[in-house]
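Trainee: So that we are looking at the same thing, I have put the structure below in structure tokens.
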Amino acid sequence: MICSKLYGGWILMTHEELRKCFLDYFTEQGHNLYPSMSLVPDDPTLLFTTAGMVQFKDMFLGLVPMVPPKAVSIQKCVRTSDIEQVGRTARHLTFFEMLGNFSAGGYFKEEAIRLAWEFFTRVLRLDEKKLYATVHRDDEDAYKLWGKFLPPSKIVKLGNEDNFWEMGDTGPCGYCSEIIYDQGESFSCGKKDCAPGCSCDRWLEVWNLVFTEFDRQKSGELKKLKQKNIDTGMGLERLLTVVNGLKSNYETDLIKPIIDFVSSHSAAPESVHIRRIADHARCSVFMIDDGVLPSNTGRGYILRRLIRRAMVSARKIKLKKPLCEAINPVFDIFAKVYPSLAHNAPRIAMAVKSEEERFEKALDTGMGILESRMEEIRAAKSIPGELCFDLYTTYGFPIELIRDIAASYSFSVGEDVFQKLIEESRERSRASWTGSCDASDAHLKAVAASSGETPFDGYDNIEIEARVLKMVSGGNEVLSASAQDETVDTSSDPDEVLVVLDKTPFYAVSGGQAADGGTLKNDGFLARVTDVVCVGKTVLHRIKIIKGSLSAGDSVLSSVDEPRRRAVERNHSATHLLQAALRCVIGGEVQQAGSAVDENGLRFDFSISGKISPEEINEVQRIVNTAVMDDLPVYKTEHSMEDAKKFKALHFFDEKYGDVVRLVTMGSDDPDNAFSAEFCGGCHVSRTGQIGLFKITSNKALAQGIRRIEAVTGFGVMKDITAKEELLIAAAGKLKTPVNDIEKKIDKLLEEVKQKKKSEQAAGKTSCREIKGFKNIFVCRADKAAAVASAADEVVVRGNCLVFSYSIDGGKLAFVCKASDTFIEKGFSAEKLVSLFSERSGVRGGGSAKFVRGGGPVSGLDAAKIEKILEDSLARIQAE
């Protein structure tokens, strides 16, 4: 295969050409092509997608059928277990793509080995002399099958550590076989026993073929699975390195353009730090593209760590460009493979830039803490491991920088203590990430696996005749169920009844849209449909039987609750209009970060770099209502995924699209000229006028760069207006004034309160100061508890601020904390600050993000210590 790109005298195969080679070969061999799933898996026991088999797990367990029983994919993966090795070796990466072919109950060892050998030797034409295979020492079948292609001297038997694969202590497992590529003596470790299986770079593990045939019991016994499976995987970067005769993954066109960019903006030669920046840039971009944002927990913590490690390396090489620009080559490399990257590029760059700014503040805080402990450090000529751990975990201060600072003073670092504390912290994290799998999930998947696909006939029909295919009650498949089962609406109830129909008008919860409700009935039988879920491609209807009995094979009239469905449709269509309006007012940076619609209203989460003003909210609301009153036609059409990609239609990281996608456009059937165009499988109105009216009821910050708008439509607007009118009338009654005079009455009462507070303040002195290093954050000290609240109020009236007001009176601490919306959006809520303050002081409080009041007895705490605890708590928030 010829490529247009030259490097070092070699004619290189590009990553796009290798992808095509692999996929073409296996699709020609009858494998169905599956697109890469998100890095954020459906499996709640996993932080990230770590292998190609993750999306096929239920198929391997026999819970969901693989049709046909052959699959091929190129899967995005993240693994950070060897993060310290990234950049130091030629092969370690945190982000990589895994090429894989799979079979669930189809072919097994013989076919898997043949396909692998044929792809390597006939398609890629790798040198057979450099290929070896390892097998498990007890796997005689694999040993004999490899004997068809390799001499015995090149088939190496190894033990469980190298050639036995398992998901965990129990469950599916089996022998595996690895194809090894000999890179030559120049890559060898030089040991006498250096041979396939050695961990050095000479014997490169390229392709792992896993033969899943056992089910490990708790006792350790290996039982045969009902179906045998094939799960193979090889890194795209590593294979590209081998095919092109390169020495490192970092020389491939998947990474080298990033290295070239970083090198061109730094005077440093290629190094561990440049390679680390390149790897972490790729990983960060793909994680953010799939919806992960930096935070202090879970996936967000991994992302934060990657960005900050890259920034440390950038400092080391004196990179002249910010990291938010160093990621740009990633978009160019993967433009044709992952179009979502270009679509989400502004949002990704914004997230990286925001984290860079936060890290700079964290470094300033960390340096201040080190300086405050310098006398102690100088005396010991060592930076304590506990301090290193605290700086690292609480403030995000990298250990690499601590080492550099220590070296500049000829001090040592308490590495042993630091590493011990880090490992303990990791163990706690692993223990806390236990997942949230419902015990009933496996059972539901088993029902789905034997039921097949349920056709959905509910876009145009809300009532159809259907036939009962299966029924489940009390965890077991049953032939009939009757009213005496007394089923309830909760999925955990052992007596619930689940019904599978041959077709359904009921929409199952999906894509943020709530499930339909309704009834199933025939002569003498009536049941209420309380929930509808989709497992695989099977729709399960959870019912409560009101009267009569139902049996498998019965015909039923399936009726959707029409008023509820129409309300859901209004809210779902309004969500599309809302997003279009937000993009009109704010710009293309608006990206959906989540949504939910039901009969009561809609919720829309979106990314935004700055604030959204009241005027902008009003304009968004005006645009949506204009589109509603214009009564725009709504078109729903189906297209192949290939054709749909050509449209300028919105699609999002958390949505799953099949081979055929449904396009919803408003205002025009041409998506490029429509007011709104989105890929969506949900239910919608026929014309926007059916929405009736649209009203935003809430607009708030969820996290840095993410906001949430809640709204209502149609009768929901009438309900909201009525509720507010009733509230005004009730308030007027309590104030004993006409509704139109409420504002005047409130102004009068506020003035009276103000005068009262002045009188209270006269009973004691107060002093307020802005805390150094924290603009518009104040601490106030009052002589008496009665003056604490009024002291805070006096500061709050100045404008956007955060204030902590307290008094120590009679051995008791009393305090209030108030935060404006601006500070809440920055992460400095009153609730969060008091929580951290309470950890150190032992004095509790309660309230909300805006206001917290608290107090209690104190011993050993004076004003200086209280204010020091407060300042340390603020520093911790700033460092996040």
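Trainee: How many of the residues making up region 295-318 are under 17 Å from residue 349 (Cα atoms) and of a type outside the set (Lys, Arg)?
Mentor: 8
Every residue, every condition in (1) surrounded by fewer than 16 Cβ atoms within 10 Å (Cβ to Cβ); (2) hydroxyl-bearing (Ser, Thr, Tyr); (3) in the same structural domain as residue 295 (by the TED database), yes or no:
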position	(1), (2), (3)
746	yes, no, no
749	yes, no, no
778	no, no, no
786	no, no, no
810	yes, no, no
820	no, yes, no
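Trainee: Go through region 379-398 and give me each residue that's part of a helix (DSSP H, G or I), within 21 Å of residue 420 (Cα to Cα) and open to solvent by 50 Å² or more (accessible area, probe 1.4 Å).
Mentor: 380, 386, 390, 393
Trainee: Given the criterion more than 21 Å from the chain's Cα centre (by Cα), in the same structural domain as residue 103 (by the TED database), surrounded by 18 or more Cβ atoms within 10 Å (Cβ to Cβ) and assigned to a helix (DSSP H, G or I), identify the matching residue among 66, 59. If you could, list the steps in order and put the result at the bottom.
Mentor: On the way: 66 fails: assigned to a helix (DSSP H, G or I).
The conditions single out 59.
Trainee: Now a separate question. Where residues in region 686-699 are in contact (Cβ under 8 Å) with a residue 60 or more places away in the chain and in a strand (DSSP E or B), which of them is least open to solvent (accessible area, probe 1.4 Å)?
Mentor: Filtering region 686-699 down to residues in contact (Cβ under 8 Å) with a residue 60 or more places away in the chain leaves 688-697, 699.
In the following step, the residues that additionally are in a strand (DSSP E or B) were identified as 694-697, 699.
Details: 694: 4, 695: 54, 696: 21, 697: 64, 699: 54 Å².
Here the answer is 694.
Trainee: Here is a further query. Mind listing just one residue for me: the one in region 23-56 that is among the small types (Gly, Ala, Ser) and in a loop (DSSP other than H, G, I, E, B) and, of those, surrounded by the fewest Cβ atoms within 10 Å (Cβ to Cβ)?
Mentor: Among them, the one singled out is 30.
Trainee: With open to solvent by less than 20 Å² (accessible area, probe 1.4 Å) and at pLDDT 85 or above as the only criterion, which of 376, 355 stands out?
Mentor: Going through 376, 355 in turn, the sole match is 355.
Trainee: Could I ask something else about it? Filter region 87-101 down to the residues that are crowded, with 23+ Cβ neighbours inside 10 Å and among the β-branched types (Val, Ile, Thr) and list them by number.
Mentor: If the condition is that a residue be crowded, with 23+ Cβ neighbours inside 10 Å and among the β-branched types (Val, Ile, Thr), then 94 is the only one that fits.
Trainee: Residues that are outside any helix (DSSP H, G or I) and farther than 24 Å from residue 422 by Cβ: does region 303-318 have at least one?
Mentor: Yes, region 303-318 contains at least one residue that is outside any helix (DSSP H, G or I) and farther than 24 Å from residue 422 by Cβ.
Trainee: Further question: Which residue is most open to solvent (accessible area, probe 1.4 Å), if the candidates are limited to region 499-515 and must be more than 18 Å from residue 42 (Cα to Cα) and hydroxyl-bearing (Ser, Thr, Tyr)?
Mentor: 507
Trainee: Mind telling me which of the residues 277, 288, 259 ends up being open to solvent by less than 10 Å² (accessible area, probe 1.4 Å), touching a Leu at 6+ places or on another chain (Cβ under 8 Å), of a type outside the set (Phe, Trp, Tyr) and without any contact (Cβ under 8 Å) to a residue 60 or more places away in the chain?
Mentor: 277
Trainee: If the requirement is being free of Cβ contacts under 8 Å to residues at least 12 places away in the same chain, within 30 Å of residue 706 (Cβ to Cβ), part of a helix (DSSP H, G or I) and not hydroxyl-bearing (Ser, Thr, Tyr), which of these qualifies: 376, 357?
Mentor: One residue alone meets the criteria, 357.
Trainee: Out of 240, 225, which single residue is touching a helix residue (DSSP H, G or I) at 6+ places or on another chain (Cβ under 9 Å), open to solvent by less than 10 Å² (accessible area, probe 1.4 Å) and touching a residue at least 12 places away in the same chain (Cβ under 8 Å)?
Mentor: 240
Trainee: Listed residues 206, 123; which is open to solvent by 30 Å² or more (accessible area, probe 1.4 Å) and within 20 Å of residue 101 (Cα to Cα)?
Mentor: 123
Trainee: Suppose we filter region 69-102 for residues that are hydroxyl-bearing (Ser, Thr, Tyr) and not in a loop (DSSP other than H, G, I, E, B); how many remain?
Mentor: 1
Trainee: What are the residues in region 703-723 that are among the polar types (S, T, N, Q) and part of a helix (DSSP H, G or I), if any?
Mentor: Listed by number, the list holds a single entry, 722.
Trainee: If you take the residues in region 659-672 that are open to solvent by 10 Å² or more (accessible area, probe 1.4 Å) and touching a strand residue (DSSP E or B) at 6+ places or on another chain (Cβ under 9 Å), which one is nearest to residue 459 (Cα to Cα)?
Mentor: Across region 659-672, the extreme among qualifying residues is 662.
Trainee: How many of the residues in region 680-729 are in contact with a Pro (Cβ under 6 Å, 6 or more places away or on another chain) and among the β-branched types (Val, Ile, Thr)?
Mentor: Residues that pass the stated criteria total 0.
Trainee: Also, quick follow-up: Cβ-Cβ under 9 Å, sequence separation 6+ or interchain: first residue in region 728-742 and without any contact (Cβ under 8 Å) to a residue 24 or more places away in the chain, partner open to solvent by 80 Å² or more (accessible area, probe 1.4 Å) and among the acidic types (Asp, Glu). Which pairs?
Mentor: 739/725
Trainee: Going by what's in this entry, would residue 766 be described as within 30 Å of residue 599 (Cβ to Cβ) and among the hydroxyl-bearing types (Ser, Thr, Tyr)?
Mentor: no
Trainee: Restricting to region 218-247, count the residues that are within 24 Å of residue 128 (Cβ to Cβ) and of a type in the set (S, T, N, Q). Give the steps one after another, and end with the answer.
Mentor: So in region 218-247, the residues within 24 Å of residue 128 (Cβ to Cβ) come out as 230, 232-247.
Pick out the ones that are also of a type in the set (S, T, N, Q) and you get 232, 241, 244.
So the count comes out to 3.
Trainee: With the requirement that a residue be touching a His at 6+ places or on another chain (Cβ under 6 Å) and over 11 Å from residue 509 (Cβ atoms), what does region 528-542 give you?
Mentor: Residue satisfying the conditions is 529 alone.
Trainee: Moving on. If the requirement is being of a type in the set (Asp, Glu) and either closer than 27 Å to residue 699 by Cβ or at pLDDT 90 or above (or both), which of these qualifies: 839, 794, 831?
Mentor: 831
The values are calculated or read from the model by the stated rules, or taken from the named source; none is laboratory data. Values in this document were obtained by computation on a predicted structure and should not be read as measured data. We place every Cβ from the backbone using ideal geometry, glycine too, and count neighbours over all the protein chains shown. For the accessible areas, the whole protein counts, side chains as well, though only heavy atoms, and no ligand, DNA or RNA atoms are used. Shrake-Rupley method; radii C 1.70, N 1.55, O 1.52, S 1.80 Å.
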